[in-house]
């Protein structure tokens, strides 16, 4: 069943943001229809309080989005099975990598962390981590073999993610300062969900700017703009 609400705000963006908070869904999960546009105001209403109304309907395929998703915890038996699956693959995999390559596996009930260390493994990371994330997905499938629940594997190679996190945090600060100075929004290039989360988190407490994600994967990107006052 579709859920529709009418949200209000001083601007269209503010009305949409208010509606998204009420529905508890991201913007790409709703159909939006502007009912009263702040740009269509008559001469006689110019002194009246500005109110923009938007009709927002959760898309049918996204109707269950705001159901609480429980973290899947693996049993001890499943953890051991997943680790065994990874061990079997990684022992053969590192034989094809430069001599001295090693790996480490850390187990938790929620995920498995795999770290591969060596020299000259840039080709396993790829441009902006594309190859690393693809390999991470493959490892998740391998770890999940024979297990009912899909195992979440978090892969890092030569500490790439920590270095990338620092780079993205610096980028977030730099772009935020530019937005504040120029008063114009800036759209960043497409990023992995993990990387977008770093940007959002870094600027979450910034009193002057806000961040939103737009577009569809794998081209989803962040827009950093001034907060509406």
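For the stretch 142-186, just say rounded, prolate or oblate: build the C-alpha gyration tensor, square-root its eigenvalues into a ≥ b ≥ c, call rounded for a/c under 1.5, and beyond that prolate if a/b exceeds b/c, oblate if not. Mind showing how you got there, number by number?
Values: a/c = 7.71, a/b = 2.64, b/c = 2.92.
Judged from the Cα gyration tensor, the stretch 142-186 comes out oblate (a/c at least 1.5, b/c at or above a/b).
As a footprinting exposure proxy, order 107, 56 by other Cβ within 10 Å, with the fewest listed first. Write down the numbers at each step before the final one.
Working: 107 15, 56 23.
Neighbour counts put them in this order, fewest first: 107, 56.
Between rounded, prolate and oblate, where does the stretch 163-226 land on the alpha carbon gyration tensor, with a ≥ b ≥ c its root eigenvalues, rounded for a/c under 1.5, else prolate if a/b exceeds b/c?
Numbers: a/c = 1.86, a/b = 1.29, b/c = 1.44.
Note, shape of the stretch 163-226 comes out oblate.
Give me the base-10 log of I(q)/I(0) for the chain at each q in 0.10, 0.12, 0.14, 0.15 Å⁻¹, Debye formula, one uniform scatterer per Cα, rounded to two decimals.
-0.66, -0.86, -1.05, -1.13
When N counts the residues of the stretch 76-158, how does its alpha-carbon radius of gyration compare numerically with 2.2 N^0.38 Å, as a ratio? Can you show the working numbers first?
Details: Rg = 12.5 Å, N = 83, 2.2 N^0.38 = 11.8 Å.
Scaled against compact globular proteins, the figure is 1.06.
In terms of the Cα gyration tensor, with a ≥ b ≥ c the square roots of its eigenvalues, is the stretch 112-229 rounded because a/c is under 1.5, prolate because a/b exceeds b/c, or oblate?
Values: a/c = 2.71, a/b = 1.96, b/c = 1.38.
It comes out prolate by the Cα gyration axes.
Specify the angular offset, from 0 to 90 degrees and rounded to the nearest 10, of the alpha carbon long axis of helix 193-203 from the longest principal axis of the alpha carbons in the chain.
50 degrees
Based on DSSP H runs of at least 4 residues, each adding -39500 (n - 2.57), what is the mean residue ellipticity at 222 nm of the chain after dividing by all its residues, to the nearest 500 deg cm²/dmol? Can you show the working numbers first?
Working: 6 runs with 82 residues, N = 229.
Computed mean residue ellipticity for the chain: -11500 deg cm²/dmol.
Where does each of 118-127, 131-140, 160-169 land if you order them by average Cβ count within 10 Å, highest first? Spell out each step's value before the answer.
Values: 118-127: 13.4, 131-140: 17.6, 160-169: 15.0.
Going by the mean number of other Cβ atoms within 10 Å, highest first, we get 131-140, 160-169, 118-127.
Rule-based calculations on the coordinates, nothing more; no lab input. This is a predicted model, so every value here is computed, not measured. FYI the Cβ positions are ideal-geometry reconstructions off the backbone, even for glycines, and counts take in every protein chain you see.
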